[in-house]
Amino acid sequence: MLRNCFSFALILGLVAFPTDAATAKTLFTPELRSAIDRVERYLNRITTIHARFVQVGPDGELAEGDVYLERPGRMRIEYDPPVPLLLIAADNWLVYQEKELEEVTYVPLSSTLAAFLLQEKTRLDGDITVMAVEKTPGAVRIHLTETEDPKAGKLTLVFSETPFALRQWEVTDALGLTTRVSLLNAEFGKALNPKLFELQDPYKKRKFGPRRR
């Protein structure tokens, strides 16, 4: 059950959001445009993140684990047992290890949201459309979709105000199902062990996921 609930929870969120073309920020008030710019500047200042995470699936299923991110280009998401999943982004690949099935899947990093989070320069415009910005006491929420295919799903990034920091993301897929990931005890800017991002294929059961059309 846990494998079925969580095996593609993060992959569903890793929908490609390319970053060219015209900006949508002109649709917002100056205050909200300022909030978008603040988010963009913040994302571009990130060098590393290490945090515990709690994931809540569409049916309320819970999973926990550790996430490591190093820009540009590297990420590791490791679920705690009994969820048998490990995801590593490096060398232009996202490697998805299913420990219970002893199977490893390779997906081009460019076809995933990881590319958006891990690129050297992040832009919240172009083929990404900022659908909405919400400012509430203590938090900023920014809702993003793919400009050319907004029905494919929505990504929401949630930031605390003091200090201004990424605290959560929510992924809503094409069926309207939402997976929420909250970051706990996040550490920013600390050096990470390079071995965390070594691509692992211990089972030699390699397959390749779909490329973006």
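Condition test on Thr172, is it out of contact with any helix residue (DSSP H, G or I) (no Cβ under 7 Å at 6 or more places or on another chain), buried (at least 16 other Cβ atoms within 10 Å of the Cβ) and either under 18 Å from Phe28 (Cα atoms) or not hydrophobic (A, V, I, L, M, F, W, C) (or both)? Judged against the criteria, Thr172 is a match. Scanning segment 46-72 for residues that are within 19 Å of Ala89 (Cβ to Cβ), surrounded by fewer than 17 Cβ atoms within 10 Å (Cβ to Cβ) and either of a type in the set (D, E, K, R) or in contact with a helix residue (DSSP H, G or I) (Cβ under 8 Å, 6 or more places away or on another chain) (or both) yields a count of 3. Picking from residues in segment 52-94 that are among the acidic types (Asp, Glu) and not in a loop (DSSP other than H, G, I, E, B), the one that is farthest from Val171 (Cα to Cα) is Glu70.
What do you reckon, is Glu120 assigned to a loop (DSSP other than H, G, I, E, B) and under 24 Å from Gly189 (Cβ atoms)?
Judged against the criteria, Glu120 is a match.
Being among the small types (Gly, Ala, Ser), surrounded by fewer than 15 Cβ atoms within 10 Å (Cβ to Cβ) and in contact with a strand residue (DSSP E or B) (Cβ under 9 Å, 6 or more places away or on another chain) is a property that holds for Gly138. Any residue at all in segment 128-143 that is touching a Pro at 6+ places or on another chain (Cβ under 6 Å) and either of a type outside the set (A, V, I, L, M) or part of a strand (DSSP E or B) (or both)? There is no residue in segment 128-143 that is touching a Pro at 6+ places or on another chain (Cβ under 6 Å) and either of a type outside the set (A, V, I, L, M) or part of a strand (DSSP E or B) (or both).
Each value in this text was obtained by applying a stated rule to the coordinates, not by laboratory testing. The structure presented is a predicted model; accordingly, all values stated were derived computationally and were not measured. Every residue, glycine among them, receives a Cβ derived from its backbone with ideal geometry; neighbour counts consider all protein chains shown.
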